[in-house]
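Any read-out appearing in this document is the output of simple, stated calculations on the displayed coordinates, not a laboratory observation. Note that the coordinates shown come from a computational prediction; the quantities given were computed from them, not determined experimentally. Cβ: placed from backbone, ideal geometry, glycine included. Neighbour counts: every protein chain shown.
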């Protein structure tokens, strides 16, 4: 049940984000929209892979449950930080500066 609630929340957040930026999205050409969507999806996919596999592998090296949790959270923060930089560069180039908004 909890998983369904999280999925519903993520879908709601995505719809809200699209609705909030609909004027900027309308300015994009079809090619820009496809490339921007691909950039977002590939960045999310890469981040999930790094967090799931890399995080579990590195956190598994520690015997303490507290250290495992701390390292896993640290890996999540580092991965999100590292994924933002190339995504911003790609979106700025692909959308001619329409996205990302500051």
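Observations on the model:
- Under a Gaussian network description of the chain, with springs only between Cα atoms under 10 Å, the residue in 87, 46, 67 that fluctuates furthest is 67.
- Here the Gaussian network model covers the chain, with springs between Cα atoms less than 10 Å apart; of 24, 37, 63, 63 fluctuates the most.
- When the helices of the chain are scored as -39500 (n - 2.57) per DSSP H run of n ≥ 4 and the total is divided over every residue, the value at 222 nm lands at -25500 deg cm²/dmol.
- Kirkwood hydrodynamic radius of segment 23-66, from inverse mean 1/r over distinct Cα pairs, in Å: 12.9 Å
- The Rg/Rh ratio for the chain, using Cα coordinates for both the radius of gyration and the Kirkwood hydrodynamic radius, is 1.07.
- Cβ-Cβ distance of residue 74 and residue 37, R₀ of 25 Å, FRET efficiency by 1/(1 + (r/R0)^6): the value works out to about 0.25.
- Whole-number percent relative contact order across the chain, with pairs defined as alpha carbons under 8 Å at least 6 apart: 29 percent
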